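Taking it in order: structure first as structure tokens, then the write-up.
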Amino acid sequence: MGSVDVFLEALEAVAPGDVLVADNGGRADESCVGDLVALEARAAGLTGIVVWGLHRDTADLREIGLPVSSLGATPAGPRRLDARPDGAPETATVGEWPVGRADLAPGDDDGVLFLPTAAAGALFTLAETIRDTERRQADRVREGVSLREQLGFADYLAGRRRHPALTFREHLRAVGGAVEE
């Protein structure tokens with residue numbers, strides 16, 4: 001929107017452990033979150049900030065220590081003031097994903113996912129299975145067994161010659177490969 005008040009209003013209704021999700025439409029010409037919002041979010045007990053757009057004050061954000069995930073950084077803040085979108089600050093959109101207060105936002109150095117709370121248990125179980133499979137595969141590569149060998153890549157190529165519509169993902173699912181899940 002171009003104004004900090006939406007962040008301050010959102011912080012009025014947070015609980016410790018929450019994540020602030022800022023929808024700036026994926027804009028690449030301005031930042032919408034910087035050190036002051038991060039300090040206020042940390043003081044409110046939040047565990048991170050996700051920005052669908054850019055942030056600023058990167059050095060200060062590092063010092064503050066609150067994880068911020070964004071599309072990048074730019075020093076320029078907004079120079080506009082847009083009409084308040086419907087649903088703000090209760091909902092935000094990140095890419096094509098609507099995010100609400102009841103959604104979970106687990107993240108790491110690679111980014112953030114948004115999960116409906118009701119499906120989180122099953123999704124975490126699936127993610128752990130994929131992680132464990134990939135760790136075993138990595139260990140075997142380190143032991144000298146190539147990933148191609150582990151995944152039966154030669155068999156996949158032969159199968160694709162017989163059935164051109166066969167995808168690698170289908171093959172991986174048949175052999176428990178996990179790489180593309």
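What follows draws every value from the coordinates through simple rules; no lab data is involved. Note that the structure is predicted; figures quoted are calculated from it, not measured. Neighbour counts are summed over all protein chains in view; Cβ atoms, including those assigned to glycine, are modelled from backbone coordinates with ideal geometry.
The listed peptides 75-83, 102-110, ordered by packing as a protection proxy, come out as 102-110, 75-83 (highest mean of other Cβ atoms within 10 Å first). Counting only the Cα atoms, the range 55-168 fills a convex hull of 225 Å³ per residue. Convex hull volume of the Cα atoms of the range 1-106, normalised per residue: 92 Å³.
Peptide packing for 146-157, 21-32 was compared via the average number of neighbouring C-beta atoms within 10 Å per residue; ordered from the highest value, the list is 21-32, 146-157. Summary of the geometry: the range 136-181 and the range 6-30, compared by the centres of their Cα atoms, lie 41 Å apart. Using only the Cα atoms of the range 122-175, build the gyration tensor, take square roots of its eigenvalues as a ≥ b ≥ c, and label the shape rounded, prolate or oblate: rounded if a/c is under 1.5, else prolate if a/b is larger than b/c, else oblate. Oblate is the answer for the range 122-175, as a/c is 1.5 or above yet b/c matches or exceeds a/b. Taking Cα atoms only, the orientation of helix 153-162 departs from the longest principal axis of the chain by about 80 degrees. Computed per residue of the chain from DSSP H runs no shorter than four, each worth -39500 (n - 2.57), the mean residue ellipticity at 222 nm is -11000 deg cm²/dmol.
Rounded to the nearest 5, the antiparallel percentage of DSSP beta bridges internal to the chain is 45%.
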